[in-house]
Amino acid sequence: FLTRAKDMGANAITIDDVAHLVSFPFYPTALKKKIHSYKNLYRILFQKATQKNIKIFVNTDVCFLHPSIKKHLQREKKSVSDFLKTCCEKMFTEFPQIKGVVLRIGESDGEDVGGDFKSDLVLKKPEEANAFIKKMLPLFETHKKYFVFRTWTVGAHPIGDLCFNPKTYQK
């Protein structure tokens, strides 16, 4: 994959996802083991990408959730943005070769989607997106990482027209 990407002229890749690069003590044992396994595979990929001088970016939805995360956030009275900030901090510390994160808003998994983590629409208003960006930017600046704010706002909530409405964009 990396050789083919390099041969095609690519100098960077984006991979999924932050959820599988960080783990927490409050996660169920089986999930922690799975993430540990993923992290070992990512280490190999990251080493090979670095050897080929290919930059690594990681995708994430704002925000991925699991029942254990929801319980933790309620118990600790933390916001989703607090959690995501902690995730990125952990990831940048453990995987310094990551150049940045592509944070996607406006995407949500349907009820029929399986897997350990499900995305939920968290940022619903332009003001929330603005506050989120202001909260996250200092972390990225400290670690000298790229912050890519990617929208897929397809009409849901007041932020739903961000892709094409200059007034929403300005907010």
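Descriptive notes on the structure:
- Meets criteria (closer than 21 Å to ILE13 by Cβ, within 13 Å of the chain's Cα centre (by Cα), open to solvent by 50 Å² or more (accessible area, probe 1.4 Å) and of a type in the set (A, V, I, L, M, F, W, C)) for PHE149: yes
- Residue in segment 46-59 that is touching an Asp or Glu at 6+ places or on another chain (Cβ under 8 Å) and of a type in the set (S, T, N, Q) present: yes
- THR60 meets each of the listed conditions (1) in a loop (DSSP other than H, G, I, E, B); (2) among the β-branched types (Val, Ile, Thr); (3) modelled with pLDDT under 95 apart from (1).
- Restricting segment 68-108 to residues that are modelled with pLDDT under 95 and not charged (D, E, K, R), the residue that is farthest from ASP17 (Cα to Cα): SER79
- Total residues in segment 152-171, condition in a helix (DSSP H, G or I), of a type in the set (S, T, N, Q) and either within 12 Å of LYS124 (Cα to Cα) or under 20 Å from the mean Cα position of the chain (by Cα) (or both): 1
- Filter pass, THR86 being closer than 23 Å to PRO28 by Cβ, open to solvent by 60 Å² or more (accessible area, probe 1.4 Å) and of a type in the set (Val, Ile, Thr): yes
Residues checked against (1) closer than 19 Å to ILE15 by Cα; (2) of a type in the set (D, E, K, R); (3) surrounded by 16 or more Cβ atoms within 10 Å (Cβ to Cβ); (4) out of contact with any helix residue (DSSP H, G or I) (no Cβ under 7 Å at 6 or more places or on another chain):
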site	(1), (2), (3), (4)
GLU94	yes, yes, no, yes
ASP120	no, yes, no, yes
LYS125	no, yes, no, no
MET136	no, no, yes, no
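- Hits in segment 114-126 (condition: part of a loop (DSSP other than H, G, I, E, B) and under 19 Å from ILE35 (Cβ atoms)): GLY114, GLY115, ASP116, PHE117
- For segment 65-106, a residue qualifies if it is outside any helix (DSSP H, G or I) and within 19 Å of ALA129 (Cα to Cα), and the qualifying residues are LEU65, LYS78, SER79, GLY100, VAL101, VAL102, LEU103, ARG104, ILE105, GLY106.
- For segment 1-25, residues that are part of a loop (DSSP other than H, G, I, E, B), more than 17 Å from PHE95 (Cβ to Cβ) and either touching a Pro at 6+ places or on another chain (Cβ under 7 Å) or open to solvent by less than 50 Å² (accessible area, probe 1.4 Å) (or both) total 1.
- For first residues located in segment 139-163 and free of Cβ contacts under 8 Å to residues at least 60 places away in the same chain, partners that are among the β-branched types (Val, Ile, Thr) and assigned to a helix (DSSP H, G or I) and lie 6+ apart or on another chain with Cβ distances below 7 Å form the pairs PHE149/ILE133; THR153/ILE159; ILE159/THR168; ASP161/THR168; LEU162/THR168.
- Cross-chain or 6+ apart pairs with Cβ under 7 Å, segment 39-51 first and open to solvent by less than 40 Å² (accessible area, probe 1.4 Å), then of a type in the set (Lys, Arg): none
The values are calculated or read from the model by the stated rules, or taken from the named source; none is laboratory data. Since the structure is predicted, the reported quantities are computational estimates derived from the model, not experimental observations. FYI the Cβ positions are ideal-geometry reconstructions off the backbone, even for glycines, and counts take in every protein chain you see. When the accessible area is computed, the model is the full protein with side chains, heavy atoms only, and any ligands, DNA or RNA have been set aside. Shrake-Rupley method; radii C 1.70, N 1.55, O 1.52, S 1.80 Å.
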